[in-house]
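Enquirer: One structure, as structure tokens, below. Some questions next.
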Amino acid sequence: MTTVLNAVTAILFPAGAVFCLLGALGLLRFPDTASRLHAAAKAQTLGLLLILVGAAAQTPGRHAPVLLLVALFQLFTAPISSQIIGRTAYRTHGLDRDLLFGDELANRLERDGTPLPGRGCPQGDDAER
């Protein structure tokens, strides 16, 4: 049984490390914020989860809840932080909107009455001053 667990761990650890490495390379190589967010959120999360599963295969059962909490924390915080960073980049014009296939956020902001400057509003908050 330990031979099987060692083999599983020997596969999961390097696979997780490769995903983490690819995510780091994506952060360096991708041209825009949206692409970098995908590299940071998706590849890093998958890499960490693979490493945690490999670690869970080698640790006693009483430590499994701690590893599960780390995995759940990562699964909950990575999408939320990516959403916040993406919206901030969108609102501060750090995102090239010409590269987007669809711009649902612009439509929603216009519907809510808070369009971005240059999109249905003359100057945004600057027009009121």
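The values are calculated or read from the model by the stated rules, or taken from the named source; none is laboratory data. What you see is a predicted model, and the numbers here were worked out from it, not measured in a lab. Because the Cβ atoms are built from the backbone with ideal geometry, glycine has one as well, and the counts that use them run over all protein chains shown.
Enquirer: Suppose the filter is among the hydrophobic types (A, V, I, L, M, F, W, C) and modelled with pLDDT of 80 or more; does residue 127 pass it?
Expert: Working: among the hydrophobic types (A, V, I, L, M, F, W, C): yes; modelled with pLDDT of 80 or more: no.
No.
Enquirer: Six or more apart or on different chains, Cβ under 6 Å: which pairs go from a residue in segment 62-78 that's under 12 Å from residue 46 (Cα atoms) to one that's of a type in the set (Gly, Ala, Ser)? Could you list them?
Expert: Between residues of segment 62-78 that are under 12 Å from residue 46 (Cα atoms) and residues that are of a type in the set (Gly, Ala, Ser), the close pairs are 78/41.
Enquirer: Keeping to segment 79-118, report how many residues are free of Cβ contacts under 8 Å to residues at least 24 places away in the same chain, aliphatic (A, V, I, L, M) and either within 18 Å of residue 30 (Cβ to Cβ) or surrounded by 14 or more Cβ atoms within 10 Å (Cβ to Cβ) (or both).
Expert: The number of residues fulfilling the criteria is 3.
Enquirer: Would you be able to say whether some residue in segment 43-54 is of a type outside the set (Lys, Arg), more than 21 Å from the chain's Cα centre (by Cα) and surrounded by 13 or more Cβ atoms within 10 Å (Cβ to Cβ)? I'd like the intermediate steps shown before the answer.
Expert: Our first condition is that a residue be of a type outside the set (Lys, Arg); within segment 43-54, this holds for 43-54.
Pick out the ones that are also more than 21 Å from the chain's Cα centre (by Cα) and you get 54.
With surrounded by 13 or more Cβ atoms within 10 Å (Cβ to Cβ) added as a condition, the list becomes 54.
Yes - at least one qualifying residue is present in segment 43-54.
Enquirer: Is it true that residue 30 is under 24 Å from residue 92 (Cα atoms) and out of contact with any Leu (no Cβ under 7 Å at 6 or more places or on another chain)?
Expert: Working: under 24 Å from residue 92 (Cα atoms): yes; out of contact with any Leu (no Cβ under 7 Å at 6 or more places or on another chain): yes.
Spelling it out, residue 30 is indeed under 24 Å from residue 92 (Cα atoms) and out of contact with any Leu (no Cβ under 7 Å at 6 or more places or on another chain).
Enquirer: Restricting attention to segment 82-104, which residues are modelled with pLDDT under 80 and touching a helix residue (DSSP H, G or I) at 6+ places or on another chain (Cβ under 7 Å)?
Expert: Passing the criteria: 94, 95, 103.
Enquirer: Follow-up. Looking at segment 7-42 only, could you name the residues that are among the aromatic types (Phe, Trp, Tyr) and buried (at least 18 other Cβ atoms within 10 Å of the Cβ)? Walk me through it before giving the result.
Expert: Restricting attention to segment 7-42, the residues satisfying the condition of being among the aromatic types (Phe, Trp, Tyr) are 13, 19, 30.
Across segment 7-42, the qualifying residue is only 19.
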